[in-house]
Amino acid sequence: MHSSKAPLISVILPFLNAQKWLGEALASVLAQDCADLEVIAIDDGSRDASAWQVEQAGQAGLPVTLIRNETNLGIVASLNRGLDVARGRYIARMDADDVCLPHRFSRQLAYLRSTGVDLCGSWFVEFGQGPRRTTRWPHTEAALRAAMLFQNTICHPTILARREVFDRFRYREDYRLAEDYDLFVRAGSEFRLANVPEPLLRYRRHPQQATQARRSAMEEVTRRIRGEALRAQSIEVAPEELRLHNLIRAPSSIECADDLHGIEAWLLKLLDTRTDEDARHVVASQWVRACIRAAPLGQTMWRAFRSSPLYELHGAGLATSVDMYLLSLCRLSYASKPFATLRRLGLSS
């Protein structure tokens, strides 16, 4: 029997055919040093032993509730079903293939309480494909707000939020594959968002992930959200500027020099909307991302990269400059296998 007393934290954990990793993920949540929690595990039509693993935990008296979708409803419906039954004062997310560090929730709770932030993610350690690396996304509110204009920079399974955030906002089916990005952009208009500047989750990379297996469809949704993010921050954007804005983070090469120069002008315009130094650094850093994609332009890219005011504002170090020069010599396509290897070795994506 589970306690009738509402827990401090409700952890929403959807899964589908995840028996290979679910046990480790579930154990990492239940082993938290902040033990006042419940796990809402939503089975989205699994055909393996995933649900059995959850049932065993519940039968052992652990605070785990299993919800079963009669058919495969998808991630958005599963997340919202979990939110419907969550009882906690705080809502956390967890994926079935990731691993929490033991102090994750206690550190995030302390951060929310000390800063007054309403939702926080955290830095995370990627593992499973290529070398392990720690991803350190912008963490201050101003820097994160600037970064969200370009891409989602809150790792979904790392979040902890006051339940008021999810009382006001739910996931939307029309934005599936980027439902988290959509929710964070909308929530950011009414609530305070940040990242804890500390790795609190081990994030598993594998080929079955939606972000790898359905990248093209995901990019289509993401382009729409970027436009909404700009409007939400009262930034006027012309259709051509929006096209250039999307090229900065597109999973493809930039092969037209005019596009690269247009991106430079757009980023300089965006800089005028930021006064916080961390936020300005985030905007300037997008110049590196754009030039990486413009590697097929060769020395044209290199000259543009080094001559731009954005280069100085970003403060690119020697390692980044060497990377960019080598890319300009190799003229690697962003979609090529050699470039994919370089990305996994740590070249900025």
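Couple of notes before you dig in:
- Ranking Thr115, Thr71, Thr222 by solvent-accessible area of protein heavy atoms (1.4 Å probe, all protein chains present), from largest to smallest, gives Thr71, Thr115, Thr222.
- Rounded to the nearest 20 debye, dipole of the stretch 1-50 from Cβ charges on Lys, Arg, Asp, Glu: 80
- Order by protection proxy (mean Cβ within 10 Å, highest first), peptides 258-265, 198-205: 198-205, 258-265
- Other residues with beta-carbon under 15 Å from the beta-carbon of Phe305 carry, at +1 per Lys or Arg and -1 per Asp or Glu, a net charge of +1.
- Value of relative contact order over the chain, rounded to a whole percent, pairs C-alpha under 8 Å and six or more apart: 15
- The charge dipole of the chain, taken about the Cα centre with unit charges on the Cβ atoms of Lys, Arg (+1) and Asp, Glu (-1), comes to about 500 debye, rounded to the nearest 20.
- Here the spin labels are modelled as points 7 Å beyond Cα on the Cα-Cβ line, and at Ile67 and Leu329 they lie 5.5 nm apart.
- Amide H within-cut-off set for Arg133, under 5 Å, with H built and near neighbours excluded: Glu126
- Excluding same-chain neighbours fewer than eight residues apart, no lysines are reachable from Lys269 by a Cα-Cα span under 29 Å.
- When you restrict to C-alpha pairs under 8 Å that are six or more residues apart and normalise by the size of the stretch 193-349, the relative contact order lands at 20 percent.
- The listed peptides 291-299, 124-132, ordered by packing as a protection proxy, come out as 291-299, 124-132 (highest mean of other Cβ atoms within 10 Å first).
- P(r) weight above 20 Å for the stretch 230-303, C-alpha pairs, percent: 28
- Extension gain for the segment Arg136 to Leu242, taken as residue separation times 0.36 nm less the Cα-Cα distance, is 35.5 nm to one decimal.
- Placing dummy labels 7 Å off each Cα toward the beta-carbon, the span from Phe127 to Gln299 is 4.6 nm.
- Protection proxy ranking, peptides 28-39, 306-317, average beta carbon neighbours within 10 Å, highest first: 28-39, 306-317
- Between the amide H of Leu201 and those of Leu101, Val125, distances stay under 5 Å, these residues lying 5 or more places away or on another chain, with hydrogens modeled in the peptide plane.
- Simple spin-label estimate for Glu164 and Ala27 gives 3.9 nm between the two label positions (7 Å along the Cα-to-Cβ direction from each Cα).
- Anisotropy class of the chain from Cα gyration tensor, a/c 1.5 cut: prolate
The values are calculated or read from the model by the stated rules, or taken from the named source; none is laboratory data. These numbers were taken from a predicted model, which means no experiment stands behind them. Note that we place each Cβ from the backbone using ideal geometry, even for glycine, and neighbour counts take in every protein chain shown. Ligands, DNA and RNA are stripped out before the accessible areas are found, and what is left, the full protein with its side chains, is counted by its heavy atoms. Shrake-Rupley method; radii C 1.70, N 1.55, O 1.52, S 1.80 Å.
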